[in-house]
Amino acid sequence: MSNARSARRPRTNRALVAAAAAGALLAGGALALPGDPEAPSTTTLAGSAQRTLACPDAGQTFYTFGKPTTKWVATGVRSDWAKPKVTINYTKSRSAAVSATLSASASAEAGVIFAKASVEIGVSVGSQWTWTDQWSYQATVPTKAGGKKVKKARLVMFHEAKKFGVTKKRFATGPRGGCVTRTVWKTTATAPVKKNSNTWGLQYQYK
């Protein structure tokens, strides 16, 4: 008899411990039974988690810029056409101007783009460069240029410009929360430098 009673006691103790643990969980709110009015709403928890993971900068935009390359853009300062072997002497007081080229989608933001680009690429650029001066230069028209026979040529003043890629991006909340970036548009811009960086050269017409 004594052996039978002692074998039953561990089962009773385990049942009491399990009941006590279940009671503690229920009392602490860590476990809720189906239909319990005190059960937390899964919808509320999901909404709270989503708000916690939302991107704080969602909707804000920014620009990134590609590596610039140098381009020489022709100005309106130019001589008349001359035939081969003729020396062109050009001396004239007038304004030279170069305007930036930008896609229609980005043109409304040109001022902001070029201001930020000046910092990013390390060269001050703008929407337009103008300068009034007395320009003087001369050159002799060759008979050949680039392996082609020259029909005629003219002197042209070129102004330095920078060509670079521009990407507009926007912060957004990702599918699993947190911040991600979306591309709004991508384009290429060519903007004249603000300093007076000019060179002269011949423009050709070939036979």
Practice task
Grab the other residues whose beta carbon is less than 15 angstrom from that of THR69, score K and R as +1, D and E as -1, and report the net.
Solution key: +2
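Please give the net charge around ASN198, taking every other residue with its beta carbon less than 11 angstrom from that of ASN198, where Lys and Arg add +1 and Asp and Glu add -1.
Details: positive: LYS195; negative: ASP133, GLU160.
In short, -1.
Roll a 1.4 Å probe over the protein chains and send me the accessible area per residue for the range 165-207 in Å². Let's see the in-between values first.
Working: 2580 Å² over 43 residues.
Using a 1.4 Å probe on heavy atoms only, each residue of the range 165-207 averages 60 Å².
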Exercise for the section: Whole number please: convex hull volume per residue, Cα atoms of the range 44-183, in Å³. Expected result: 154
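Under a Cβ-only charge scheme (Lys and Arg +1, Asp and Glu -1), can you give me the dipole magnitude of the range 67-125 about the Cα centre, in debye to the nearest 20?
Numbers: 8 positive and 3 negative charges, 80 e Å.
With Lys and Arg at +1 and Asp and Glu at -1, about 380 debye.
If you place +1 on the Cβ of every Lys and Arg and -1 on the Cβ of every Asp and Glu, how big does the dipole about the Cα centre of the range 93-207 come out, in debye to the nearest 20? If you can, show how the numbers build up before the last one.
Numbers: 19 positive and 4 negative charges, 119 e Å.
Its charge dipole is roughly 580 debye.
The values are calculated or read from the model by the stated rules, or taken from the named source; none is laboratory data. Quick caveat, the model's predicted, so the values are computed rather than measured. Every residue, glycine as well, gets a Cβ built from its backbone with ideal geometry; the counts of neighbours run over all protein chains shown. Heavy atoms of the whole protein, side chains included, go into the accessibility calculation; ligands, DNA and RNA do not. Shrake-Rupley method; radii C 1.70, N 1.55, O 1.52, S 1.80 Å.
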